[in-house]
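Participant: Before I ask anything, let me first share the structure, which is written out below as C-alpha cells.
Every read-out reported here was derived from the displayed coordinates using simple, explicitly stated rules and does not represent laboratory data. Treat the numbers as computed from the prediction; the structure is a model and nothing was measured. Methodologically, a virtual Cβ is constructed for each residue, glycine included, from the backbone with ideal geometry; neighbour enumeration extends over all protein chains shown.
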Amino acid sequence: MLDRSSSMRGCATDTLRAFNNLLAEQRRLGVAATRVSLVLFNERTEVVFDGDDLDSVGDLDLETFQPEGGTALWRSPRGGAALTL
C-alpha cells in the first residue's frame, strides 16, 4: 500500500524510486511465481496490481503515481485487506 495523498508530493520521486528498486531487487532474486499486489490510497483506493506475476508488473512513474487529495487512513486498510485474503 502506498499513500498517494497530496502530503506525498514532496517525496513522490523518492517513493517511486524505492518501490521500483524493490521490484528490481525481487526480479534479481529470480524466485519463481513471485506475485505483486499494490493499492494506492488517498480519499479513494485504487488497486494497481492484485497478485500479478512479477514479470508482468511495470515500474511506477509520475503518470501512474500522482499524489493528490486527502488521506483517509480509516478507509485505505480495508481496500488493501481484500488482497491478502
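Participant: Determine ³J(HN,Hα), in whole Hz, for all residues of segment 42-59 in sequence, where each value follows from phi through the Karplus function 6.51 cos²θ - 1.76 cosθ + 1.60 and θ = phi - 60°; x replaces Gly and Pro.
Facilitator: 9, 7, 10, 10, 9, 7, 8, 10, 10, x, 6, 4, 3, 5, 9, 8, x, 5
Participant: For segment 2-48, what size does the Cα cloud have along each of its three principal axes, sorted from largest down, in whole Å?
Facilitator: 36, 21, 8
Participant: If each of Ala33 and Thr13 carries a label point 7 Å out from its Cα toward its Cβ, how far apart are those two points in nm?
Facilitator: Going by the 7 Å Cα→Cβ label model, 4.1 nm.
Participant: Highest first, please rank the peptides 2-10, 57-65, 30-38 by the mean number of other Cβ atoms sitting within 10 Å of their residues.
Facilitator: The densest-packed peptide leads the list: 2-10, 57-65, 30-38.
Participant: Please list, ordered by chain and number, the residues whose modelled amide H lies under 5 Å from the amide H of Val39; skip anything fewer than 5 residues away on the same chain.
Facilitator: Leu2, Val48
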